[in-house]
């Protein structure tokens, strides 16, 4: 484990290799699982404010579900608020493009209709953040999922550690300086192991 500022970083982020392989999985993380994507209060507010501009990028099923359940729902077991799920397990914001699942929020962002790229929890994946507010720190962990087997194979082929794959998202969440500290610590750890 590494401690970067007040964030506990799992060794798996340095040791495991990962690189999304959408040709293989077709974006299955958008329709598999028991819960929607975790959303921050700020993200919920942005989606609420920009929903009329985001809606044209969503499917009719997705819009119908949002009309029924709202833009975000609370999941009691994991204790977080996230995107609503269709009965099939698909995220309400999921769309399709060339047979691959896409995020309707991200499509709206690319069209300059919202300032939210996509939920940070999706952008960071396969990294999951756990907030330990009472203890005064957060934890970054690698969420290993069998649907990402081909991403692990591709990561090994290209020798991309999880934290490097998620560089853009980590910078978006914590800033450039944090990423540089993490990268320096990862390199130091690697050198120490092999010296």
Exercise for review: Can you give me the number of residues within the range 35-71 that are in contact with a strand residue (DSSP E or B) (Cβ under 8 Å, 6 or more places away or on another chain) and outside any helix (DSSP H, G or I)?
Suggested key: 7
Check your understanding: Is it true that some residue in the range 167-185 is modelled with pLDDT under 95 and either surrounded by 13 or more Cβ atoms within 10 Å (Cβ to Cβ) or not assigned by TED's automatic domain parsing to the domain that holds residue 10 (or both)?
Key -> yes
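For every residue, the table says whether it meets (1) within 27 Å of residue 151 (Cβ to Cβ); (2) buried (at least 19 other Cβ atoms within 10 Å of the Cβ); (3) under 20 Å from the mean Cα position of the chain (by Cα).
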| residue | (1), (2), (3) |
| --- | --- |
| 8 | yes, no, yes |
| 25 | yes, yes, yes |
| 39 | yes, yes, yes |
| 42 | no, no, yes |
| 48 | no, no, yes |
Exercise for review: Answer yes if at least one residue in the range 97-105 is at pLDDT 95 or above, part of a loop (DSSP other than H, G, I, E, B) and in contact with a helix residue (DSSP H, G or I) (Cβ under 7 Å, 6 or more places away or on another chain), and no otherwise.
Suggested key: no
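Looking at 13, 58, which is the one that is assigned by TED's automatic domain parsing to the domain that holds residue 154 and surrounded by 17 or more Cβ atoms within 10 Å (Cβ to Cβ)?
Just a single option satisfies the conditions, and that option is 13.
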Review point. Is at least one residue of the range 47-70 at pLDDT 95 or above and at positive phi?
Key: yes
Review point. Just wondering, is there one or more residues in the range 124-134 that are within 17 Å of residue 43 (Cα to Cα) and out of contact with any strand residue (DSSP E or B) (no Cβ under 8 Å at 6 or more places or on another chain)?
Key: yes
Exercise for review: Might you let me know whether the range 72-94 holds any residue that is in contact with a helix residue (DSSP H, G or I) (Cβ under 7 Å, 6 or more places away or on another chain), under 23 Å from residue 166 (Cα atoms), outside the structural domain of residue 162 (by TED's automatic domain parsing) and part of a helix (DSSP H, G or I)?
Suggested key: no
Point to revise | Which numbered condition residue 119 fails, given (1) under 21 Å from residue 65 (Cβ atoms); (2) within 12 Å of the chain's Cα centre (by Cα); (3) surrounded by fewer than 17 Cβ atoms within 10 Å (Cβ to Cβ) | key: (3)
Exercise for review: Collect the residues in the range 111-147 that are in a helix (DSSP H, G or I) and at pLDDT below 95, keeping them in residue-number order.
Suggested key: 146, 147
Exercise for review: Check residue 120 against each of (1) over 22 Å from residue 8 (Cβ atoms); (2) assigned by TED's automatic domain parsing to the domain that holds residue 49 and name the one condition it does not meet.
Suggested key: (1)
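The values are calculated or read from the model by the stated rules, or taken from the named source; none is laboratory data. Source: prediction; values computed, not measured. Note: ideal-geometry Cβ built from the backbone for every residue, glycine included; neighbour counts use all protein chains shown.
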